[in-house]
Amino acid sequence: MTNADRPSLRIAVFGEAHALWPVAAALWANLPPHAALTLVEQPARDDGPCALTLPCNSAFHQRLNIDVEALAGAAGARFGLGIDLQGWQGEDSQFFAAPSGTLPKINDIELHHIMLRAAIERGEPESLAYLLRPFRFAARAAMAGKFAFPPDDRESPLQLLGPTIQVDRARYGDFFEAFVRDAERLRSTPASVDCEPEGAISTVTLESGDAVAADLYIDVSGTLSALMPGDGRPESSPLNGFPPFDRIACAFIEGGTRAGHGCTIAKALPGGVLVETPVGGGLVREYWHGSGADEAKAVAETMGAPFDIAPFAYIHCGTPWTGNCVRLGPASARLGPFHSADAILLQEQALDLVALLPAGPAMTVEARTFNAKHHQIVRQLRDFALLPFVLNGRDEAVWTTIADAPAPDTLQLRLDQFRSRGRFVTFDREMFDHQSWIDLMIGFGFAPERYDPLAGALDMKRLPPVLKQMVDAFSRTIDAMPPEKDTAS
């Protein structure tokens with residue numbers, strides 16, 4: 001091979017299929033000219049099925065021009081409108097967390113401030129969540145068993161919907177394999193790593209005996225990182241307040257159905273969180289719990305079907321890009337299955353990585369930028385996933401301990417500001433719409449102590465017809481929506 005024929009950038013990606021193929025697809029679609037891609041697929045760990053509930057219109061899907069209906073057909077997925085949180089405030093409590101656009105304002109005043117004033121004037125500030133319930137369009141549609149995609153009509157209430165796709169993790173990863181062409185493909189596991197004196201990887205030898213040489217090495221499952229020395233390896237970490245659940249039990253119930261809507265349910269139980277995700281062909285059940293003396297009996301009773309169980313540990317890598325090795329997804333951090341945080345982390349990192357390619361020879365600027373963005377993503381995912389845990393109202397010891405633990409500083413700032421004056425604090429790279437934050441805080445009983453002064457200037461006697469018109473429009477739209485079973489694939 002002459003210098004003219006040699007690829008300008010050789011990239012090698014190592015990991016299990018469910019993480020490897022989405023990253024490989026993002027890379028292949030954005031490779032610089034004359035780049036070469038080597039993909040090393042490792043055997044999947046035997047930790048049972050796993051399901052994802054992801055935004056249909058995620059940045060990752062948009063960047064790769066994914067037709068989510070084609071994805072649903074190919075991967076046997078279902079569509080939903082969010083996640084039903086059951087039992088978090090007590091055994092019979094229920095709150096549907098539905099991604100949505102911002103609710104319409106009145107005189108440029110957010111609706112929760114207006115309804116808070118009404119609740120306070122009635123002497124019932126605790127009724128705020130109840131007063132806002134008719135205006136939660138996406139949640140109402142989901143609980144009615146309806147589904148639709150947002151139309152082009154900006155005036156339609158359907159614009160408030162944030163559809164999600166519910167899919168088996170393995171089948172989701174396999175969908176992206178077809179996107180990758182002209183890449184070298186190997187099936188094996190890294191066995192050893194040869195490094196240059198300055199720490200950069202020169203060669204990775206596989207258990208098959210093959211040697212992989214590249215300019216940039218990407219680890220998406222953690223096996224490669226475990227072979228490397230230095231500070232780049234991820235370490236176990238409590239991640240500042242995350243719940244003490246260190247096991248995940250998984251089961252797939254073929255043909256399984258559930259009464260009620262077909263969206264994902266995350267149910268708080270005395271010993272953990274049970275997530276049930278309807279997908280095409282059945283139901284994926286995952287129980288995220290803590291280990292203990294009665295673990296086997298409790299898990300068997302909860303799962304109600306044959307299951308696999310695997311240990312879980314939170315990890316967080318402070319510098320996921322070191323030298324010429326980049327760690328993505330579970331190789332850089334593990335946040336758990338709640339809100340599909342680990343899958344979203346992987347996708348966001350993949351987009352950040354392709355934006356930095358082609359990298360310079362030293363890769364120091366790119367690594368610094370990537371590592372800073374990594375911390376932003378982890379913080380956002382951590383805080384949003386932690387919110388219902390922090391605000392839980394259960395009385396079991398494990399749950400009260402979680403509620404009493406100090407929240408991360410960024411989450412506590414949001415809570416303090418919202419409690420004080422109903423203001424939602426934003427940070428760089430917001431990944432979840434602010435209405436979802438506001439709805440969840442109020443729905444979990446975390447109401448502001450005071451409303452916007454502008455709301456105090458409103459003539460409340462003139463508002464009922466305006467509010468009724470809004471609620472009636474929502475009701476008519478929901479009635480006309482198709483049932484969710486018509487959208488399942």
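Assuming a ≥ b ≥ c are the square roots of the Cα gyration tensor eigenvalues, decide whether region 273-393 counts as rounded (a/c under 1.5), prolate (otherwise, with a/b larger than b/c) or oblate. Judged from the Cα gyration tensor, region 273-393 comes out prolate (a/c at least 1.5, a/b above b/c). A simple spin-label model places the labels of GLN159 and ALA29 2.6 nm from each other, with each point 7 Å out along Cα-to-Cβ. Taking each DSSP H run with n ≥ 4 as -39500 (n - 2.57) and averaging over every residue of the chain yields -10000 deg cm²/dmol at 222 nm.
From the alpha carbon gyration tensor of the chain, can you work out the equivalent ellipsoid semi-axes (sqrt of 5 times each eigenvalue) and give them in Å, largest to smallest?
Working: eigenvalues 340, 119, 107 Å².
After diagonalising the Cα gyration tensor, the semi-axes are 41, 24, 23 Å.
Counting only lysines at least 8 places from LYS297 when in the same chain, those with an alpha carbon closer than 23 Å to its own are LYS267.
Between ALA355 and ARG122, what's the calculated FRET efficiency when r is the beta-carbon distance and R0 is 51 Å? Round to 0.05. Write out the running numbers ahead of the final one.
Numbers: r = 51 Å, r/R0 = 1.00.
The pair ALA355/ARG122 has a calculated efficiency of 0.50.
The distance linking region 305-379 with region 37-106 is 19 Å (Cα centroid to Cα centroid, whole angstrom).
Please list 101-109, 153-161 highest first by mean number of surrounding beta-carbon atoms within 10 Å per residue.
Values: 101-109: 13.6, 153-161: 16.0.
The peptides rank, most packed first, as 153-161, 101-109.
Peptides 408-414, 162-168 ranked from most to least packed by the mean count of surrounding Cβ atoms within 10 Å: 162-168, 408-414. The packing ranking of peptides 82-94, 421-433, 376-388, highest mean first, is 376-388, 82-94, 421-433, where packing means the average number of other beta carbon atoms within 10 angstrom of each residue. Relative to the current alpha-carbon distance between ALA200 and ARG45, full extension at 0.36 nm per residue lengthens the span by 53.0 nm. Counting only residues at least eight positions apart within a chain, or on another chain, the aspartates and glutamates with an alpha carbon under 15 Å from that of LYS461 are GLU121.
Tell me whether region 412-489 comes out rounded, prolate or oblate; compute the Cα gyration tensor, take square roots of the eigenvalues as a ≥ b ≥ c, and use a/c under 1.5 as the rounded threshold.
oblate
Listed by chain and number, the lysines whose C-alpha is less than 18 Å from the C-alpha of LYS146, apart from same-chain residues fewer than 8 away, are LYS485.
Using 0.36 nm times the number of residues separating ARG421 and ILE106, minus their current alpha carbon distance, what extension gain do you get? Intermediate results must be reported in sequence, preceding the final value.
Numbers: separation 315, 0.36 × 315 = 113.40 nm, distance 1.80 nm.
111.6 nm is the gain from fully extending ARG421 to ILE106.
Here, each number is a calculation from the coordinates, and none is a lab measurement. Note that the structure is predicted; figures quoted are calculated from it, not measured. Cβ coordinates were reconstructed from backbone atoms using ideal geometry, including for glycine residues, and neighbour counts include every protein chain displayed.
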